[in-house]
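One structure below.
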Amino acid sequence: MTEVAQNLQRNDIYNLCNVTLQRSYADARVLNWLLRAFGTIDLLHVDIQGAEDELLDGTHLLSNVKQLHIGTHGREIHRQCRGSLLSHGFTLDVDYPPRTFVRSPYGPLLLDDGILAGRQPQSVTRDDITSGTPTQLTPAGQRETTRQKV
């Protein structure tokens with residue numbers, strides 16, 4: 001975990017956003033605890049080598065996650081995770097099954113693991129993700145552009 005923290009420090013991530021590292025076995029109990037503790041999570045990345053569907057099935061607070069990226073390991077797990085995300089109201093921006101060749105906006109990809117990337121529609125728009133300009137939503141729901149020092 002020290003290596004992860006050092007990498008975040010080298011890339012100046014701590015000055016861009018609030019980062020919390022939690023080392024634990026990934027299960028629904030831990031994820032529910034984190035979601036209760038933090039309230040809302042901007043981005044959750046899940047890559048837990050075949051247990052993704054169990055994690056999603058046991059998590060009852062997914063509506064607290066604004067964006068979710070999942071590495072899937074097997075076509076059946078991918079299908080189950082996709083269904084779970086859709087049933088929790090996520091909009092899928094990326095849906096690439098494992099062991100496939102896909103044409104992406106970034107060029108052709110040969111995938112071993114699958115990729116699902118979803119977002120809660122009320123929290124982040126696709127333009128926010130792809131614009132390259134950091135934005136944040138004000139309490140009134142109006143978009144406010146963050147200016148970066150160059």
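The values are calculated or read from the model by the stated rules, or taken from the named source; none is laboratory data. Fair warning: this is a prediction, and the values are worked out from it, not measured in the lab. Just so you know, the surface numbers come from the protein's heavy atoms only, side chains and all, with ligands and any DNA or RNA stripped out. Shrake-Rupley method; radii C 1.70, N 1.55, O 1.52, S 1.80 Å.
Given region 25-123, what percent of its DSSP beta bridges are antiparallel, to the nearest 5?
Values: 16 of 21 bridges.
Roughly 75 percent of the beta bridges in region 25-123 run antiparallel, per DSSP.
Leaving ligands and nucleic acids out of the surface, order ASP42, ASP95 by accessible area at 1.4 Å, largest first. Please list the in-between numbers first.
Numbers: ASP42 95, ASP95 55 Å².
The residues order as ASP42, ASP95, largest area first.
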* Largest-first ordering by accessible area, 1.4 Å probe, given options CYS17, CYS81 -> CYS17, CYS81
